[in-house]
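Please read the structure below before turning to the comments.
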Amino acid sequence: MEVRSSDVVRSIGDKIASGGGGGGSPPLPAAIARKRLQVWFIRVCSSIVLWTCLVQLVAVCELWHPHLLAGITSRISSSAELNVDEEARLHSSSSSSPSPSPPPPPPPLAPPRKYTSNGFLRVSCNGGLNQMRAAICDMVTVARLLNLTLVVPELDKTSFWADPSNFNDIFDVRHFIDSLRDEVRIIKRIPKRFNRQHGFIPLEMPPVSWSNEKYYLQQILPLFGKHKVLHFNKTDARLANNGIPLDLQKLRCRVNFQALKFTPQIETLGYKLVRMLREKGPFVALHLRYEMDMLAFSGCTQGCTKEEAEVLKQMRYQYPWWREKEIVSEERRSQGLCPLTPEEAALILQALGFGKDTQIYIAAGEIYGSERRLAVLRAAFPNIVKKEMLLAPAELQQFQNHSSQMAALDFMVSVASNTFIPTYDGNMAKVVEGHRRYLGFKKTILLDRKSLVPLLDMHHNRTLSWNEFVAAVASVHEKRMGQPTHRRVIVDKPKEEDYFYANPQECLCEGTNCDLLGHGNSSKTN
């Protein structure tokens, strides 16, 4: 005889309503009692079903990926950095294989370096993404040299871009801390007893620019005897390019190429951009620095209307830390200190042999003058794309109004490109150049703007034929393709010498002589 659950519920409800099982309690109305018991019974049955499903799900996960749940946190925080080529290969193989094998376990963390900390170092990085990136590498090196505890760096929120991003919005914090634990102790925040809320006032100062290790050992280290916390409120170019011990130079590279890993959200989208571009063949990443902030800062107005030039001038006056206000654009351009215009870039690309079907990725923000200024370049190279054209608006929404996070996407694509061409030698151009050297001297065309300006003008005035123009451009750039070379050293003029992060030669070969680069390429100016 079949007994239904609803009959059981009704029977029990009748007993309760009639006072059965109770003592002298007054009877409840049968309908109310039955209603309450039904609700209780449904909740119990639902809980049983949910727990059964959860147990089955866990069992299936453990069957396919043993120890998945136990190790998922460590895998996320300690996963080794994949370069773009390796990530694309893994993506391709996983999509074609019906039963992918589980990923290998992450390598064990290096044992932490044991040392007595001399104090805490706080740093506030200034500038754009790549300026701050280089500064972070320098500050880790300084903390290692002085046996300090480094607080996770603070990023600039007051620059022209006004980006509110924190360190953990751009970089993988856990990977950063863990990957350097054998060199320096890094903490996420300063201990409470050293907070201003507790009445502690740290010593704030900018270290002297382009300083070597002697400055930090002799001038900075003694300050920690009195002040347990030092706050460097400017960090750009605070460590010399040259004359630094080999182990410190290699540490700068280790931070740059291994420890500073972008967040999973940025890397996932960056890898997607690279895959989309590679599916259509080789591509050029053109860092077209013809953006409003660069033009205003440099005073370059080539190709701008009078109204546009006036807007750029007014912008300089709005930012007091931009020292030069009155700038003669023609003089700057003749000195090679202006970024190429989109029209000039089109001519140079054609002269360098790039055909009409070349796929070009514009690694830049909003071009000043927008699509009007891109018309000539787009006519010469129809296959021009930007991240905004390749990705859906919803995919980029999380990065909107975060210029550093958008720049991180361009950085990833630029490093992975078949050819990288910057139209101005700013921080991004230099850091990408150095990264591509580290990856095997990938082709990077370093435009000699000082030599190009007269060639462009003569061709424009029809005093230099196209064939002569092409030959001259090729000759100028024969040895400017990112091939191995020694850094140029200019004694007592560190701002004019070659930048460490553009050519970290100590990290590109073994030993101290760097024979791989060839002695014939060495250059030194006294």
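The values are calculated or read from the model by the stated rules, or taken from the named source; none is laboratory data. Computed from a predicted model, the values in this text were never measured in an experiment. Positions of Cβ are generated from backbone atoms using ideal geometry, with glycine treated the same way; all protein chains shown enter the neighbour counts. Note: accessible area is taken over every heavy atom of the protein model, side chains too, but ligands, DNA and RNA are not part of it. Shrake-Rupley method; radii C 1.70, N 1.55, O 1.52, S 1.80 Å.
Residue by residue, here is whether (1) open to solvent by 40 Å² or more (accessible area, probe 1.4 Å); (2) closer than 30 Å to Trp322 by Cβ holds:
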site	(1), (2)
Pro107	yes, no
Tyr115	no, no
Val142	no, yes
Leu148	no, no
Asp182	yes, no
Lys192	yes, no
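State whether one or more residues within the stretch 430-437 are farther than 22 Å from His287 by Cα and among the acidic types (Asp, Glu).
No, the stretch 430-437 contains no residue that is farther than 22 Å from His287 by Cα and among the acidic types (Asp, Glu).
Determine, yes or no, whether Asp498 is of a type in the set (D, E, K, R) and over 31 Å from the mean Cα position of the chain (by Cα). Walk me through how you get there before you give the answer.
Details: of a type in the set (D, E, K, R): yes; over 31 Å from the mean Cα position of the chain (by Cα): no.
Answer is no for this residue.
Of all residues being open to solvent by less than 70 Å² (accessible area, probe 1.4 Å) and over 12 Å from Met292 (Cβ atoms) in the stretch 329-339, which is nearest to the chain's Cα centre (by Cα)? Just the residue, please. Spell out how you get there, then give the answer.
Taking the stretch 329-339 and keeping what is open to solvent by less than 70 Å² (accessible area, probe 1.4 Å), we get 329, 332-334, 336, 338-339.
Subset that is over 12 Å from Met292 (Cβ atoms): 329, 332-334, 336, 338.
Details: Ser329: 32, Arg332: 30, Arg333: 30, Ser334: 33, Gly336: 28, Cys338: 25 Å.
Ranking the qualifying residues of the stretch 329-339, first place goes to Cys338.
When the residues of the stretch 420-442 are filtered to those that are outside any helix (DSSP H, G or I) and of a type in the set (Gly, Ala, Ser), which remaining residue is nearest to the chain's Cα centre (by Cα)?
Taking the candidates together, the pick is Gly426.
Condition (residue is part of a loop (DSSP other than H, G, I, E, B), over 30 Å from Pro484 (Cβ atoms), touching a strand residue (DSSP E or B) at 6+ places or on another chain (Cβ under 7 Å) and at pLDDT 95 or above) applied to the stretch 443-465: is it met by at least one residue?
There is no residue in the stretch 443-465 that is part of a loop (DSSP other than H, G, I, E, B), over 30 Å from Pro484 (Cβ atoms), touching a strand residue (DSSP E or B) at 6+ places or on another chain (Cβ under 7 Å) and at pLDDT 95 or above.
With Thr512, Thr525, Thr485 as the choices, which residue is under 23 Å from Thr419 (Cβ atoms), modelled with pLDDT under 95 and not hydrophobic (A, V, I, L, M, F, W, C)?
Thr485
Conditions first: (1) within 17 Å of Arg122 (Cβ to Cβ); (2) over 26 Å from the mean Cα position of the chain (by Cα). Gln219 passes all but one, so which condition is the exception?
(1)
Each row is one residue, and each column tells you yes or no for (1) at pLDDT below 95; (2) within 18 Å of His460 (Cα to Cα); (3) open to solvent by 60 Å² or more (accessible area, probe 1.4 Å); (4) within 23 Å of the chain's Cα centre (by Cα).
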position	(1), (2), (3), (4)
Leu286	no, no, no, yes
Gln318	yes, no, yes, no
Arg323	yes, no, yes, no
Glu343	no, yes, no, no
Ile348	no, yes, no, no
Glu366	yes, no, yes, yes
Asn383	no, no, yes, no
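Could you list, in sequence order, all residues of the stretch 246-284 that are outside any helix (DSSP H, G or I) and crowded, with 16+ Cβ neighbours inside 10 Å?
Result: Leu260, Lys261, Phe262, Thr263, Phe283, Val284.
Limited to the stretch 456-476, what total is found for residues that are over 13 Å from Leu340 (Cα atoms) and under 41 Å from the mean Cα position of the chain (by Cα)?
14
Confirm whether Val376 is modelled with pLDDT under 95 and over 30 Å from Thr268 (Cα atoms).
Answer is no for this residue.
List, please: which pairs have Cβ atoms under 8 Å, are six or more places apart or on different chains, and start with a residue in the stretch 209-225 that is under 21 Å from Ser117 (Cβ atoms) and end with one that is assigned to a helix (DSSP H, G or I) and open to solvent by less than 60 Å² (accessible area, probe 1.4 Å)?
What qualifies is Glu213/Leu145; Glu213/Leu248; Tyr216/Val142; Tyr216/Leu145; Leu217/Leu145; Ile220/Val142.
Of the numbered conditions (1) more than 22 Å from Lys306 (Cα to Cα); (2) touching a helix residue (DSSP H, G or I) at 6+ places or on another chain (Cβ under 7 Å), Leu374 satisfies every one except a single condition; which is it?
(1)
When residues of the stretch 199-220 are filtered for being β-branched (Val, Ile, Thr) and either farther than 16 Å from Met139 by Cβ or open to solvent by 60 Å² or more (accessible area, probe 1.4 Å) (or both), how many remain?
Residues flagged as β-branched (Val, Ile, Thr) and either farther than 16 Å from Met139 by Cβ or open to solvent by 60 Å² or more (accessible area, probe 1.4 Å) (or both) within the stretch 199-220 amount to 2.
If we scan the stretch 481-496, do we find a residue that is part of a helix (DSSP H, G or I) and in contact with a helix residue (DSSP H, G or I) (Cβ under 9 Å, 6 or more places away or on another chain)?
No, the conditions are met nowhere in the stretch 481-496.
Starting from the stretch 456-479, keep only residues that are touching a residue at least 24 places away in the same chain (Cβ under 8 Å), then list their pairs with residues that are surrounded by 10 or more Cβ atoms within 10 Å (Cβ to Cβ) and of a type in the set (D, E, K, R) whose Cβ atoms are within a distance under 9 Å, requiring at least 6 positions of separation or different chains.
Leu456/Glu344; His459/Glu468; Val476/Asp448; His477/Asp448
Out of the stretch 181-223, which residues are under 24 Å from Val255 (Cα atoms) and of a type in the set (Lys, Arg)?
Arg181, Arg185, Lys188, Arg189, Lys214
For the stretch 349-375, what are the residues that are within 16 Å of Leu288 (Cα to Cα) and assigned to a helix (DSSP H, G or I)?
The answer is Leu349, Gln350, Ser370, Glu371, Arg372, Arg373, Leu374, Ala375.
For the stretch 402-419, which positions are within 17 Å of Ile360 (Cβ to Cβ), in contact with a strand residue (DSSP E or B) (Cβ under 6 Å, 6 or more places away or on another chain) and part of a helix (DSSP H, G or I)?
Hits for the stretch 402-419 are Val413, Ser414.
Identify, from the list Ser159, Ser165, the residue that is open to solvent by 10 Å² or more (accessible area, probe 1.4 Å), more than 28 Å from Asn242 (Cα to Cα) and touching a residue at least 24 places away in the same chain (Cβ under 8 Å).
Working: Ser165 fails: open to solvent by 10 Å² or more (accessible area, probe 1.4 Å).
It is Ser159.
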